[in-house]
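J.: Mind looking over this structure? Questions follow.
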Amino acid sequence: MTAIVGLVRKNRVHLGADSAGVSGLQLTVRADRKVYRTGPYVMGFTSSFRMGQLLHYAFQPPQPTGDLHGFMVTTWADAVRNCLKEGGWARKDSEQEMAGTFLVGVEGRLFVVCDDYQVGEPADGYAAVGCGDDLALGALHATAHLGMTPRARLTAALAAAEHHSAGVTGPYSYASTPKP
């Protein structure tokens, strides 16, 4: 279910999301957004609305310090793990903790957090997660040098995913990190 897209431009991270809630062959257009800003962070989730609700309303993200990637991999990821455990959402399989997948932007950098809490940073300056991710990535790549605004590129990526994936539908929502 879903397509969450993100890109970096002029030291800001911009995210966009669809509104699909999918269970089997049932599609519900959700009013609750999959992207939002929390302090200096912008986040967009896939996997589970419960996980996204915990990240949005229960997670108290720590302020970034020092080496940003190292901070995200350790301090920040540990805080997310604790929030999801306390909220009853984190899973364990063969003693390995698992969560969901989401995008995070902070201090002009975009990160992809995978279900094993791995934190990656795309070298291209854009990323997508969810069932429409490959379609959205193609659109983000194709629009990279066209001089489009971040919102226009995100919309093009979400529209491509919606057109070709049964798990993606509008309306779209957007969120960005604060201006530096």
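The values are calculated or read from the model by the stated rules, or taken from the named source; none is laboratory data. This is a predicted model, so every value here is computed, not measured. Cβ placement follows ideal geometry from the backbone for every residue including glycine, while neighbour counts extend to all protein chains displayed.
J.: Which residue out of Val22, Val80, Val5 is touching a Leu at 6+ places or on another chain (Cβ under 8 Å) and either under 22 Å from Leu158 (Cβ atoms) or outside any helix (DSSP H, G or I) (or both)?
T.: Working: Val22 fails: touching a Leu at 6+ places or on another chain (Cβ under 8 Å); Val80 fails: either under 22 Å from Leu158 (Cβ atoms) or outside any helix (DSSP H, G or I) (or both).
After ruling out the rest, the residue left standing is Val5.
So that you can scan it fast, the table gives a plain yes or no per residue for (1) part of a loop (DSSP other than H, G, I, E, B); (2) more than 18 Å from Thr46 (Cα to Cα); (3) modelled with pLDDT of 95 or more:
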| residue | (1), (2), (3) |
| --- | --- |
| Leu135 | no, no, yes |
| Gly147 | yes, yes, yes |
| Arg151 | no, yes, yes |
| Leu154 | no, no, yes |
| Ala160 | no, no, yes |
| Thr169 | yes, no, yes |
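J.: Going by the conditions given, is Ser47 among the polar types (S, T, N, Q), crowded, with 16+ Cβ neighbours inside 10 Å and at positive phi?
T.: Details: among the polar types (S, T, N, Q): yes; crowded, with 16+ Cβ neighbours inside 10 Å: yes; at positive phi: yes.
Against the criterion (among the polar types (S, T, N, Q), crowded, with 16+ Cβ neighbours inside 10 Å and at positive phi), Ser47 qualifies.
J.: Looking at the stretch 131-142, is at least one residue crowded, with 19+ Cβ neighbours inside 10 Å, under 19 Å from Lys10 (Cα atoms) and more than 13 Å from the chain's Cα centre (by Cα)?
T.: Within the stretch 131-142 (the criterion being crowded, with 19+ Cβ neighbours inside 10 Å, under 19 Å from Lys10 (Cα atoms) and more than 13 Å from the chain's Cα centre (by Cα)), the answer is yes, since at least one residue qualifies.
J.: Now for a separate question. Write out, first by first residue and then by second, each pair whose Cβ atoms fall under 8 Å of each other, whose residues are 6+ apart or on separate chains, and whose first residue, in the stretch 83-100, is within 17 Å of Phe59 (Cβ to Cβ) while the second is of a type in the set (Ser, Thr, Tyr).
T.: Partner pairs satisfying both residue conditions: Trp89/Ser48; Glu97/Tyr117; Ala99/Ser47; Ala99/Tyr117; Gly100/Thr46; Gly100/Ser47; Gly100/Ser48.
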